[in-house]
Amino acid sequence: MSAAVLSSTTPGFYPPQYSPPIHKDQDMQQRQDFPTSNPHDAAAAEGLASARRLFYAALLRLDRSAALDVLSQALAAGHGLPAITEGCIAPTLETIGSEWEMGHLALSQVFMTSRIAEDTIDRLFPPGDASASIQPRIALALLEDYHALGKRLVALNLKAAGYSILDYGHVQAQELVEKILADGVEVLLISTLMLRSALQVRRVCDGLIQAGRHIPVIVGGAPFRFDPDLWREVGATATGASASDAIRLVQAFLEQRRDA
Ligand code: B12
């Protein structure tokens, strides 16, 4: 991959009573993840859409056990972790966020629903349970931000793809640079959901360059999806819009390094 930028969009999901914003509608039309020409794919897409509706309803009822049942059943039905991440969990949270922005939900509902989503993921995939076989030093951090769900899903998907991850959790910029240098990290992934935090990536990149450590820095999260040029402006090497993008980018950088 020459330009290591992926720009796939997560499909939005809107319950029938709300009209989606126009750009979301366009995203839905452009997305090709589940082409409907193949009946098997169409059935899988319908299965995921149904899981998404049920997951959304369970979260809004604050029904933890129903939320767990929905994701367990989606897994049992053969939907892989990437499909459940991008086709169910992420779009449901985005929908809830959009409804908050439109004034249909309270911040407390966003807080509770995202909390339940996080707990459900932790129960289904206890931290550290995925076996990892590919061992380059890949680190993942949530930079100066407390929106933990996206990072958690990126970590899970990378582990499920066989990568071993140094998960630094929530860190400040200076602390992150020190950890990378101390651990000899080869690929760094940063998740931020707030613009203020995204701008702190610049401090990390500058700190690494000053220390003479030139490693790929892959960034992701809402600010980078909202502003497609932001990753360049903060000095990152690449950005991705989803957990699957994170895997593709890590693979691309490792291949590039192997071929160099
Ligand atoms: C849920 C949520 C919360 C929850 C967080 C719960 C949690 N434990 O994570 C709560 C209620 C606590 C919260 C609080 C706040 N929030 Co909030 N929140 C959201 C919301 C609605 C959804 C985020 C989410 O969980 N999405 C689901 C996950 C799965 O998706 P994701 O994180 O984007 O991750 C996916 C991809 O982005 C990608 N990805 C993520 N990281 C990475 C990294 C790499 C390397 C790659 C390749 C890919 C990648 O893969 C993931 C899986 O698909 C967003 C809206 C939005 N559209 O993002 C606002 C949003 C992020 N919040 C926002 C704000 C303002 C806040 C508050 C300041 C609100 C307040 N007034 O108090 C606080 C601040 C909290 C803090 N200090 O960090 C703003 C930020 C705006 C900005 N310009 O900075 C947003 C964008 C809403 C908005 N439009 O205004 N929030």
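The values are calculated or read from the model by the stated rules, or taken from the named source; none is laboratory data. The model shown is predicted, which means the values in this text are computed figures rather than measured ones. Here Cβ is always computed from backbone atoms with ideal geometry, including for glycine, and neighbour counts include all displayed protein chains.
Of everything in the range 201-239, what is more than 13 Å from the ligand (Cβ to nearest atom) and on the phi > 0 side of the Ramachandran plot? Give them in sequence order. The answer is Gly212, Gly235.
So which of Leu71, Leu62, Leu93 ends up being more than 9 Å from the ligand (Cβ to nearest atom) and part of a helix (DSSP H, G or I)?
Of the residues listed, the single one that is more than 9 Å from the ligand (Cβ to nearest atom) and part of a helix (DSSP H, G or I) is Leu71.
Of all the criteria given as (1) closer than 21 Å to Leu62 by Cα; (2) part of a loop (DSSP other than H, G, I, E, B), the one not satisfied by Thr120 is (2).
Per-residue answers, yes or no, for (1) near the ligand (Cβ under 10 Å from one of its atoms); (2) surrounded by fewer than 22 Cβ atoms within 10 Å (Cβ to Cβ):
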site	(1), (2)
Ala139	no, yes
Asp145	yes, no
Leu149	yes, yes
Val154	yes, no
Leu158	yes, no
Tyr163	no, no
Leu181	no, yes
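Look at the range 97-121: where a residue is without any contact (Cβ under 8 Å) to a residue 12 or more places away in the chain and near the ligand (Cβ under 9 Å from one of its atoms) and a partner is small (Gly, Ala, Ser) and not in a helix (DSSP H, G or I), sitting 6+ places away or on another chain with Cβ atoms under 9 Å, you get Trp100/Ala106.
For the structure I just gave you, tell me whether Leu81 is modelled with pLDDT of 80 or more, over 23 Å from Arg248 (Cβ atoms) and not assigned by TED's automatic domain parsing to the domain that holds Ala243. When the stated conditions are applied, Leu81 does not pass them.
A quick yes/no check of all residues on (1) surrounded by 15 or more Cβ atoms within 10 Å (Cβ to Cβ); (2) modelled with pLDDT under 95; (3) among the basic types (Lys, Arg):
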{"position": "Thr92", "(1), (2), (3)": "yes, no, no"}
{"position": "Glu99", "(1), (2), (3)": "yes, no, no"}
{"position": "Asp119", "(1), (2), (3)": "no, yes, no"}
{"position": "Leu124", "(1), (2), (3)": "yes, yes, no"}
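For the range 183-205, the tally of residues that are within 21 Å of Leu166 (Cβ to Cβ) and either touching a residue at least 60 places away in the same chain (Cβ under 8 Å) or surrounded by fewer than 16 Cβ atoms within 10 Å (Cβ to Cβ) (or both) stands at 6.
Rundown of residues vs (1) within 21 Å of Leu156 (Cα to Cα); (2) among the aromatic types (Phe, Trp, Tyr); (3) modelled with pLDDT of 95 or more, yes/no style:
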{"site": "Val177", "(1), (2), (3)": "no, no, yes"}
{"site": "Ile190", "(1), (2), (3)": "yes, no, yes"}
{"site": "Ala211", "(1), (2), (3)": "no, no, yes"}
{"site": "His214", "(1), (2), (3)": "no, no, no"}
{"site": "Glu233", "(1), (2), (3)": "no, no, yes"}
{"site": "Ala252", "(1), (2), (3)": "yes, no, no"}
{"site": "Gln256", "(1), (2), (3)": "no, no, no"}
